[in-house]
1. When you check Y177 against the structure, is it out of contact with any strand residue (DSSP E or B) (no Cβ under 7 Å at 6 or more places or on another chain), hydroxyl-bearing (S, T, Y) and surrounded by 20 or more Cβ atoms within 10 Å (Cβ to Cβ), yes or no?
2. Restricting attention to the range 200-226, and to residues there that are without any contact (Cβ under 8 Å) to a residue 40 or more places away in the chain and outside any helix (DSSP H, G or I), which single residue is surrounded by the fewest Cβ atoms within 10 Å (Cβ to Cβ)?
3. Collect the residues in the range 160-201 that are in contact with an Asp or Glu (Cβ under 6 Å, 6 or more places away or on another chain) and farther than 21 Å from T247 by Cβ, keeping them in residue-number order.
4. Quick one: in the range 90-128, of everything that is open to solvent by 20 Å² or more (accessible area, probe 1.4 Å) and basic (K, R), which residue is farthest from V145 (Cα to Cα)?
5. Please enumerate the residues belonging to the range 89-102 that are touching a residue at least 24 places away in the same chain (Cβ under 8 Å) and either in a loop (DSSP other than H, G, I, E, B) or of a type outside the set (S, T, N, Q) (or both).
6. Between a first residue in the range 279-292 that is loosely packed, with under 15 Cβ neighbours inside 10 Å and a second residue that is of a type in the set (K, R), which pairs have beta carbons less than 9 Å apart while being 6 or more apart in sequence or on different chains?
7. For residues in the range 236-254 being of a type in the set (D, E) and open to solvent by 20 Å² or more (accessible area, probe 1.4 Å), which is farthest from the chain's Cα centre (by Cα)?
8. Modelled with pLDDT under 95 and either over 16 Å from Q262 (Cα atoms) or outside the structural domain of L261 (by the TED database) (or both): does that describe A303?
Amino acid sequence: MAQMTMIQAITSALDNELARDPSVLLFGEDVGQSGGVFRATDGLQKKYGDQRVFDTPLAESGIAGLATGLALQGFRPIAEIQFFGFVFEAMDEIAGQAARMRFRSGGRYTSPIVYRAPFGGGVKTPEMHADSLEGLLLQTPGLKVVIPSNPYDAKGLLISAIRDNDPVFFLEHMKLYRSMRAEVPEEAYTLPLGKAAVVRPGKDLTVVAYGAMVHTALKAADQWSKQKGVEAEIIDLRTISPIDIETIIESVKKTNRAVVLQEAQRTAGAAAEIVAQINEHALYHLEGPVKRITAPDTVYPYAQIEEEWLPSTERVLTGFEAALAL
């Protein structure tokens, strides 16, 4: 089995699906001959031609509109938004058109679109290149939102997203693109959308995270275990819409305490929704309030101070201590 980075696993998934299904099209800014700003589509235009892998103008609204039109004509578009911070231009097509298609047509039409976008902090990008805006997507019925944390999951989840008959937003954390390698099959495989994974078993505290924050949580949990012998159970959501609340509740019933960790700003994000659902479904199993660890409610800062803004291992450990002390 090959050792791949996340970006290589994503390229492999795109390659597998372009080869398998002639209705799959891939387009966006610079994804063709240049292979994308992060090289995720490197070599795919040469292999599948410029009718299936092609560049678009610098216009996110046009990219999203093209995806909707192609989906209604029977294609399976994969539309790349070059950086997630530019998604505002495309939100009408995504939330107002594609995500409503099944409901609006009474099931006669669907929008099998994958929107791919890099996002996330810790890599010193310019303004609007690192924002975690996934909270904008969570209030969009009809849209699934996937955020993998490792190369194996990235490939399996992306293939599932491409084969899904409704729109899926697939968010790729930039810090994870080349920060690790893992065994990834070269052939196609799928992982179920909407199913979380318990990536570290534990008995004293449930920690729910996604994307790069899974690795921050794992580092803090290992440090906590060595220093204090307290074992945190880490749940990697993998999909934040729909949320696998069953896996979370099962864990909370075992540990009786919970912390939710996200890189995004505090208000009205995935963490807020998870805290609410834990309170709705497992209140009588809790021995203290559910804690949230997030970024502050400010605009993403300049690169020079982003490490102060992002949730750090030290802040996560402080949250663990607070959850256990109550």
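The values are calculated or read from the model by the stated rules, or taken from the named source; none is laboratory data. All values reported here derive from a predicted model rather than from experimental measurement. FYI the Cβ positions are ideal-geometry reconstructions off the backbone, even for glycines, and counts take in every protein chain you see. Heads up: the accessible areas ignore ligands, DNA and RNA and are worked out on the full protein's heavy atoms, side chains in. Shrake-Rupley method; radii C 1.70, N 1.55, O 1.52, S 1.80 Å.
1. yes
2. Per the criteria, the residue is P201.
3. The one that is in contact with an Asp or Glu (Cβ under 6 Å, 6 or more places away or on another chain) and farther than 21 Å from T247 by Cβ: I162.
4. K124
5. Let us first name the residues in the range 89-102 that are touching a residue at least 24 places away in the same chain (Cβ under 8 Å), namely 89-95, 97-102.
Within the range 89-102, E89, A90, M91, D92, E93, I94, A95, A98, A99, R100, M101, R102 qualify.
6. E287/R257; G288/R257
7. Kept after step one, since they are of a type in the set (D, E), are these residues of the range 236-254: 236, 244, 246, 250.
Then keep just the ones that are open to solvent by 20 Å² or more (accessible area, probe 1.4 Å); that gives 246, 250.
Working: E246: 19, E250: 22 Å.
Across the range 236-254, the extreme among qualifying residues is E250.
8. On the way: modelled with pLDDT under 95: yes; either over 16 Å from Q262 (Cα atoms) or outside the structural domain of L261 (by the TED database) (or both): yes.
Judged against the criteria, A303 is a match.
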